[in-house]
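In what follows, a single structure is set out as structure tokens and then discussed.
The values are calculated or read from the model by the stated rules, or taken from the named source; none is laboratory data. Predicted model only: the values in this text are computed from it and were never measured. Every residue, glycine among them, receives a Cβ derived from its backbone with ideal geometry; neighbour counts consider all protein chains shown. All accessible areas refer to the heavy atoms of the entire protein, side chains included, with ligands and DNA or RNA removed. Shrake-Rupley method; radii C 1.70, N 1.55, O 1.52, S 1.80 Å.
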Amino acid sequence: NRRKKKDEDVLEIPSIPNPFPELCCSPFASVFSASLLPKATSRKKQVIKVYSEDDTSRALEVPSDITARDVCQLLILKNHYIDDHSWTLFEQLTHTGLARAIEDHELVMEVQSNWAMEEENRLYFRKNYAKYEFFKNPLSFFPDHMISFPSETNAAVSHSGILQMFLSSSTYPEIHGYLHAKEQGKKSWKKLYFLLRRSGLYFSTKGTSKEPRHLQFFCEFSNSDMYMSLTGKKIFGAPTNYGFCFKPNKSGGTRDLKQLCADDEQSRTCWMTAIRLLKYGMQLYQNYMQPYQGRSGCSPLNVTPMRSISENSLVAMDFSGHRSRIIENPTEALSVAVEEGLAWRRRGYLRLNSHGSPIAMSNMGRSIHRSQSWFHHKISREEAQRLILQHGLVDGVFLVRDSQSNPKTFVLTLSHGLKIKHFQIVPLEDDGKLFYSLDDGHTRFTDLIQLVEFYQLNKGVLPCKLKHYCARIAL
């Protein structure tokens, strides 16, 4: 009787629909039809925090499978920036002073998943003009003394032939040269002869010998990321400032870093560029080509680089006649710029006549450069070099700053030939008027804006034109 009563109680309980009918053996067990099953849930979203150079930040709710390029596009739209295909997402490991540009195709959440809970790492959003520069000018990235080609290849390799060899699955150029390597578990560094081959990075145990018995494996790149060392001399005692390292994706700390140091910037750039091409191959080329997809006349390795935004917007024009014309003559362009500048000051003085004075107007003209994106107020020489380096060592990357040694002068910091150079801007006074010059007064400008705009159009005494400025953007 007790069992019968128990069965009756069970029968009184309403039947529960089976939520997973496809897992059951019998087709008659399901209560819901396929059309009534809930649809697949949308992609999971997470919140990331992105910083800019002035340490402002912005929180973004993004899908878990978002790429670095998509994050950049989102920030470009939200901040109304102009997309010149140089915006990049950076990963900075604050504790170790390491940083790298996240490749456009990489998943941001995978990058953050490699961070330890106690680490205060950051994502930065800024421009990187050198991101794909080697596709446009590979010869300057791979000097002859550091690169060797297979024996069956002709001695003379064309401009695009170098890249085709890097992207080919059958052949690969060999990069070789001396690097300083930090010994595992020690503070000492040792200078060794390294070779980069498709199978990985090796060093020779006997001078510059390339015999297999003298080569020892150093690192492979599939399970590690390459970082540039920003403070290697200070933190790790590196012999030079041109350090880089390999960090395993699942690292336990600084003990797992494989650290290297080059003798100059050209050598470091060559090694790091070749390793990027070795690790990602055609994916890098696809990332580079993506902005040009759909444009007519685009063929592999023959894409004409787009002119920068600064070059497009700084063409000298004459609108005095019935038809506008481009002023090709630099001297005429300069005279027109000076005349426009003086006319602007006269108009400004008339507007401020009831509220200001000629002295106030003069002071405003002298300090108007402080509102420009390329001007950095009171930063050191080292800080200026760091900003240029972070924006990419491409010819024409520049900024203007106050001189630390002489408070009355300014300094133009410029990148050229993978080197950072500094040019002093000297103020000159003539007949009570103040001018600025880079060439001891031969070419004079009434303010720094005129000076910068002139050298954006003309090389003058500089090794190259001013093309891309370093700006501290705000998010």
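As a fraction of the 1.4 Å probe accessible area of region 133-290, surface on carbon and sulfur atoms comes out at 50 percent.
The residues of region 133-290 expose, per residue, 48 Å² of accessible area to a 1.4 Å probe. Each Lys and Arg contributes +1 and each Asp and Glu -1, all at the Cβ; summed about the Cα centre of region 45-127, the dipole is approximately 200 debye. A full extension of the chain between E382 and E174 corresponds to an added length of 71.5 nm, given 0.36 nm per residue minus the alpha carbon distance.
Normalised by the residues of region 370-474, what does the relative contact order come to in percent, with Cα pairs under 8 Å and at least six apart? Reported relative contact order: 25 percent. In region 133-290, a dipole from Cβ-located charges (positive for Lys and Arg, negative for Asp and Glu) runs towards its positive end, and of S168, N137, H180 it is H180 whose Cα lies farthest in that direction. Electrostatic tally near E383: other residues with Cβ closer than 15 Å to its Cβ, Lys and Arg +1, Asp and Glu -1, net +2. For region 214-231, 3J(HN,Hα) computed residue by residue from phi via the Karplus equation (6.51, -1.76, 1.60; θ = phi - 60°) reads 9, 9, 10, 5, 10, 6, 10, 10, 5, 10, 9, 10, 9, 10, 8, 8, 8, 10 Hz, glycine and proline entered as x.
Between K190 and T94, the simple spin-label model (points 7 angstrom out along Cα→Cβ) gives 3.6 nm.
The calculated FRET efficiency for the pair K250 and K419, based on their C-beta separation and a Förster distance of 22 Å, comes to about 0.05. Each Cα pair under 8 Å and six or more residues apart adds its sequence gap; the mean of these over the residue count of region 45-127 is a relative contact order of 36 percent. Placing a label point 7 Å from the Cα of Q46 along the Cα-to-Cβ line, the residues of region 61-77 whose backbone N sits under 13 Å from it are 61-68. Applying 0.36 nm per residue to the separation of L428 and T208 and subtracting their alpha-carbon distance, the gain on full extension is 73.7 nm. Amide H to amide H distances under 5 Å link E103 with no residue, where only residues 5 or more positions off or on other chains count and H is placed in the peptide plane.
At a Förster radius of 60 Å, what calculated FRET efficiency corresponds to the Cβ-Cβ distance of S57 and F217, to the nearest 0.05? Efficiency for this residue pair is about 0.90.
Using a 1.4 Å probe over the heavy atoms of the protein chains, calculate the carbon and sulfur portion of the accessible area of region 370-474 as a whole percent. Carbon plus sulfur share of accessible area: 46 percent. With the simple model of a label 7 Å out from the Cα in the direction of the Cβ, Q283 to H145 spans 3.4 nm.
To the nearest 0.05, what FRET efficiency results for E118 and L77 with a Förster distance of 41 Å applied to their C-beta separation? Using R0 = 41 Å, I get an efficiency of 0.75.
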